[in-house]
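The block underneath contains the structure these notes are about, expressed in structure tokens.
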Amino acid sequence: MKMSRLFGRTIREVPAEAEIISHKLLLRAGLVRKLASGIYQYNPLAWRSMKKIQDILRLEMEAVGMQEINMPVVQPAELWQESGRWYSVGSEMARFKDRSGRDMVLAITHEEAVTELVRNEINSYRQLPLALYQIQLKFRDEPRSRGGLIRVREFYMKDGYSFHVDEADLDVYYEDVMAAYFRIFKRAGLDVLSVESDNGNIGGKVSHEFMYVTPIGEDRLILCPNCDYAANQEVAQSHLEKREEQIAGDLEKVATPGCKSIKEVADFFKAEEHDCLKALFYVSNEEIVMVAIQGDLELNELKLKKILDDPNIRMATEEELEAAGIVAGYASPKGQKIRVLLDRSVYNSENWIIGANQEGYHYQNAQLNRDFTGEGPFDFELVEEGALCPQCQTPLKEQRGVEVGNIFKLGTQYSASMKAVFLDEKGELRPMDMGCYGIGLGRMLSCVIEEYNDQYGIIWPMSVAPYHVYLCSVGKDEEVIARADELYQELKDAGVEVLYDDRDLRPGVKFNDADLIGLPIRLVVSKRNLNEGLIELKERSKAESEKIEADSILNRVQTLIAEALKFEE
RNA sequence: CGGGACGUAGCGCAGUUUGGUAGCGCGUCUGGCUUGGGACCAGAAGGCCGGGGGUUCGAAUCCCUCCGUCCCGACCA
């Protein structure tokens with residue numbers, strides 16, 4: 001490709017809308033342009049990289065026996081009504097009516113479609129296991145897109161689905177896919193972590209997310225520096241340290257004027273925050289529920305949602321509390337009429353400082369069962385940095401990450417509701433065990449740029465670079481231009497992917513564009529080197545350039561590319 | 001959906017406080033000159049000042065309203 005003809009120009013100044021590095025570089029290098037919030041157009045260079053990512057995905061998916069298919073983005077509502085997600089998914093799914101008034105959706109994912117497809121084809125255990133995948137557009141009308149291609153509304157996803165006779169078979173395949181995922185990200189130059197994660201809307205039990213660790217990530221990760229424990233904060237658990245042996249004291253009511261926060265109360269009693277009991281109020285199905293947890297711990301709302309089996313909980317308002325006769329700031333489980341849920345930490349001490357359910361008063365030495373009760377123990381803890389690892393009790397670390405992929409064991413969630421069943425060896429009808437496996441292509445692209453860049457621009461890994469070589473000529477000298485043209489042809493003929501900067505521009509401009517676009521190898525043909533029969537070669541990732549005999553340049557380039565593409569597990 | 005910022009030429013911005021009919025830099029086009037790290041000179045094109053309504057003799061500027069964009073949070077397979 002010649003630069004003079006390439007669509008998508010570079011820009012010097014950073015568009016005001018970009019804040020993170022990958023977003024800035026995507027725009028500056030002319031890779032993408034925004035059409036609307038969270039909706040992007042891909043220019044040729046970006047699209048070539050996307051295709052490189054697709055190549056990697058196809059290679060590794062085929063290697064674990066997945067077959068590529070393609071399913072529609074526009075789907076009838078009936079499909080989603082059958083799985084129930086027509087009702088459970090909110091406004092992130094775009095819905096519309098077709099010309100005959102039929103309800104339709106833009107697919108946010110394809111579990112329903114693939115299940116429908118498979119249930120009509122597969123009816124015997126002899127046809128299982130089966131694994132299908134596609135690389136397809138998804139539309140999710142996210143409440144907030146951000147960070148260029150990190151979080152968008154329209155995006156390409158590789159989504160795979162597997163079907164098994166039983167859970168054991170799914171378990172084995174799940175591990176295969178996990179291994180394939182690590183190979184995929186490694187091929188693209190990304191180091192990722194797999195973390196335990198929430199299944200969210202999709203259902204099922206076991207799932208893992210693949211995280212590229214970066215401060216710009218949206219997900220909070222809880223990681224153990226000592227063992228392999230790694231979890232999304234949404235589901236992270238901790239080891240609860242046993243408190244010192246305590247002598248149970250007598251319940252005592254104490255005037256605590258103006259002490260509403262845990263900190264104020266702890267200071268008043270010259271105690272620690274973990275000696276106080278924190279009471280939180282949520283509304284679930286129009287009913288106020290109290291959650292009690294050790295004072296220094298935060299509550300993980302997702303855990304509460306699961307325990308209440310209600311995704312629509314919210315914190316109670318002050319008015320609601322007042323109406324229910326609850327004294328905000330001085331509330332406790334003692335003598336409470338509403339439903340009380342107790343975190344496991346509440347079982348960990350004999351002497352709690354709790355509210356007296358009366359303005360300006362607290363109790364000290366309150367004891368579970370003797371002085372108050374509730375349902376439990378539950379784990380409501382929002383695990384934060386410093387909590388102890390549930391596996392090895394080392395203090396945990398917190399980092400941020402971008403979710404570039406995920407895998408789920410769906411079990412029979414969809415196959416049961418949508419009747420994707422088969423006849424087993426005994427002639428009995430059973431639902432298939434399903435797994436699903438996603439990777440966001442644009443996110444992957446963004447993360448690669450986020451990982452590989454410097455002050456001048458992108459530094460593409462060979463495997464996903466739009467082209468391998470940036471060839472440029474310096475000056476107007478006819479011999480130089482002729483030699484550069486010749487080299488361009490020579491490289492192309494040899495199968496090297498080359499972007500040829502044939503523009504009549506000053507060298508500085510070309511070099512800056514070369515650095516910005518960031519192809520792995522830069523070749524410069526100039527008068528002064530050509531006089532000595534040399535051509536300059538510079539790797540984008542290295543500081544120094546080298547001069548190479550013109551005759552051996554092709555060989556050298558091919559070697560560099562081959563070495564960079566060599567994959568070792 | 002809550003909080004914050006913003007919307008003026010392709011991009012980055014000034015002008016808005018104090019109303020008088022739009023400017024700078026980069027980029028683009030023409031010509032000249034230059035050619036190893038975003039040169040220089042001369043000329044040119046390009047704007048419904050986000051949309052609508054109002055106040056006023058007069059609105060980019062003041063008021064109302066809608067829309068859009070970004071950031072933080074909520075949310076998020």
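The values are calculated or read from the model by the stated rules, or taken from the named source; none is laboratory data. Just so it is clear, the model here is predicted, and its values are computed rather than measured. In this analysis, Cβ positions are derived from the backbone assuming ideal geometry, glycine residues included, and neighbour counts consider all displayed protein chains. Note: accessible area is taken over every heavy atom of the protein model, side chains too, but ligands, DNA and RNA are not part of it. Shrake-Rupley method; radii C 1.70, N 1.55, O 1.52, S 1.80 Å.
Things worth noting here:
- Per-pair calculated FRET efficiency, R0 = 25 Å: A:Glu298 and A:Cys392 via Cβ, rounded to 0.05: 0.65
- FRET efficiency, A:Arg430 to A:Ala323 (Cβ-Cβ, R0 51 Å, nearest 0.05): 0.50
- The helix-only estimate of mean residue ellipticity at 222 nm for chain A, built from DSSP H runs of length n ≥ 4 each weighted as -39500 (n - 2.57), is -7500 deg cm²/dmol after division by the residue total.
- Carbon + sulfur, % of accessible area of chain A - ligands and nucleic acids excluded, 1.4 Å: 46
- Per-peptide average of other Cβ atoms within 10 Å, ordering A:229-240, A:54-65 highest first: A:229-240, A:54-65
- Here the label points at A:Asn123 and A:Lys542, each 7 Å from Cα along the C-beta direction, are separated by 6.4 nm in the simple model.
- Amide H contacts under 5 Å for A:Arg522, placed H, 5+ residues apart: A:Tyr470, A:Lys538, A:Glu539, A:Arg540
- Under a 5 Å amide H cut-off, with hydrogens placed 1.01 Å from N, A:Glu381 pairs with A:Asn300 among residues at least 5 apart or on other chains.
- Here r is the Cβ-Cβ distance between A:Arg33 and A:Arg58 and R0 is 25 Å; the resulting FRET efficiency, rounded to 0.05, is 0.40.
- Label reach from A:Lys476 (point 7 Å along Cα→C-beta): in the range A:521-558, amide nitrogens under 19 Å belong to A:525-528.
- For the range A:467-565, the Rg and Dmax computed from alpha carbons only, in angstrom: 12.2, 35
- Over all Cα atoms in chain A, the spread is summed up by Rg and Dmax: 29.8, 98 Å.
- Note on A:Gln455 and A:Glu252: the model spin-label points, each 7 Å out from Cα along the C-beta direction, lie 6.4 nm apart.
- Accessible area per residue for the range A:161-277 is 50 Å², calculated with a 1.4 Å probe on protein heavy atoms, without ligands, DNA or RNA.
- Loop sites in the range A:1-63: chymotrypsin sites (Phe, Trp or Tyr not before Pro), DSSP, at most 11 other Cβ within 10 Å: A:Phe7
- Dipole axis of chain A (+1 Lys, Arg; -1 Asp, Glu on Cβ), positive-most option in A:His239, A:Gln413, A:Tyr456: A:Tyr456
- Extension gain, A:Asn512-A:Asp310: 0.36 nm per intervening residue step, less the Cα-Cα distance, totals 67.2 nm.
- Considering only the range A:252-382, percent of DSSP beta bridges that pair antiparallel, nearest 5: 70
- Solvent exposure of the range A:467-565, expressed per residue, is 48 Å² of accessible area, with all protein chains present and a 1.4 angstrom probe.
- Here the average projected area of the convex hull drawn through the C-alpha atoms of the range A:275-358 stands at 5.3 nm².
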